[in-house]
Amino acid sequence: MFVLGFSYLKSTSLFDNNKTFYAVYDNVGGLQPGTPVTVNGFNVGTVNNIKFKDKSGSLLVTFSVNNDFDFTKNSTAELYDTGIIGGKGIRVNPIFDGSSMAVTGDTLGTRTSPGLTELVQQKLTPLQLKVEDAFTNADSLLVNVNQILDDDAKKDLQGTLKGLNSTMRSLNESALVLNRILNTNERKLDTSLTNFQELTYNFAKLSDSLNNAGLGRTLTSLESTVANLDKVLSKLEQGEGTLGKLIQDEKLYDNLSKASRELDLLLQDFRLNPKRYVNVSVFGKKQTDYELPEDDPAEPIEDPQ
């Protein structure tokens with residue numbers, strides 16, 4: 001009875017046919033003998049014993065697994081959290097890679113799954129560092145602001161705020177005045193808008209009347225006339241036609257200018273010396289030289305001959 005009771009307290013049985021395996025961990029995190037060993041969440045054994053393996057502090061865990069399930073030597077014994085509030089357990093991650101099956105006395109490979117607390121610490125530690133940096137930067141910013149805002153700057157800032165407050169009051173008063181003007185002239189504004197609407201309607205009717213009166217055809221004809229005028233001006237610039245040659249040919253202009261000058265001289269000489277061109281003598285009287293009257297404003301010109 002003593003032996004049976006001792007075996008029960010050690011979570012071992014004297015009459016079972018389980019396989020015993022070993023696993024080495026650096027830290028078991030509170031694992032206790034008698035803790036269940038699972039495979040895929042199913043209880044297949046228990047932890048039998050935990051002791052130091054050597055002077056390095058590594059811990060040797062002995063656990064048993066019943067013979068109902070076989071796995072290879074490359075399978076691992078993973079240490080994991082069994083609940084939120086604590087507690088550790090071992091689960092065997094079976095691997096079937098064609099290697100030999102694990103037998104009693106084999107030491108399985110180990111791994112430790114991080115618990116909820118460790119995961120929270122891993123996630124919160126960077127956030128904590130960022131928060132600390134943010135508070136440090138905010139403190140530095142406040143120190144710099146206090147250094148910039150000396151007594152004079154604070155007074156100027158207060159004056160600016162007072163001026164802004166006064167400006168807002170002025171805007172508020174202007175808005176009130178504008179509201180009173182709109183309320184007072186509401187009827188006039190309605191009448192003006194009505195008149196503007198009628199004016200727009202009349203303008204639309206005028207546009208329709210102009211369109212019906214043939215304004216489009218008139219504009220088309222005007223466009224054609226402008227195009228023809230543009231062609232005529234283009235020919236004048238190129239020197240085509242009499243007028244184009246007159247504009248472009250400088251010799252023709254010089255000849256016309258000379259002819260006009262000579263005609264002017266001829267007319268002036270005819271006026272001053274008519275006897276030179278008209279000579280009527282019945283008795284054969286000798287022609288006398290023409291003398292310019294003293295009150296004649298015209299001046300004699302030189303004879304081109």
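Things worth noting here:
- Positive minus negative residues near Thr38 (Lys, Arg vs Asp, Glu; Cβ under 11 Å): 0
- Using a simple spin-label model with pseudo-atoms 7 Å out from Cα toward Cβ, Ser166 and Glu237 lie 6.5 nm apart.
- Between Ser113 and Ser99, the simple spin-label model (points 7 angstrom out along Cα→Cβ) gives 2.1 nm.
- Cross-link pairs beyond the 23 Å C-alpha cut-off, checked among Lys19/Lys53; Lys231/Lys258; Lys53/Lys88; Lys19/Lys73; Lys53/Lys73: Lys231/Lys258
- Taking label positions 7 Å along the Cα-Cβ direction at both Thr82 and Asn43, the computed distance is 0.9 nm, reported to one decimal.
Rule-based calculations on the coordinates, nothing more; no lab input. Being a predicted model, the structure only gives us computed values, none of them experimental. Every residue, glycine among them, receives a Cβ derived from its backbone with ideal geometry; neighbour counts consider all protein chains shown.
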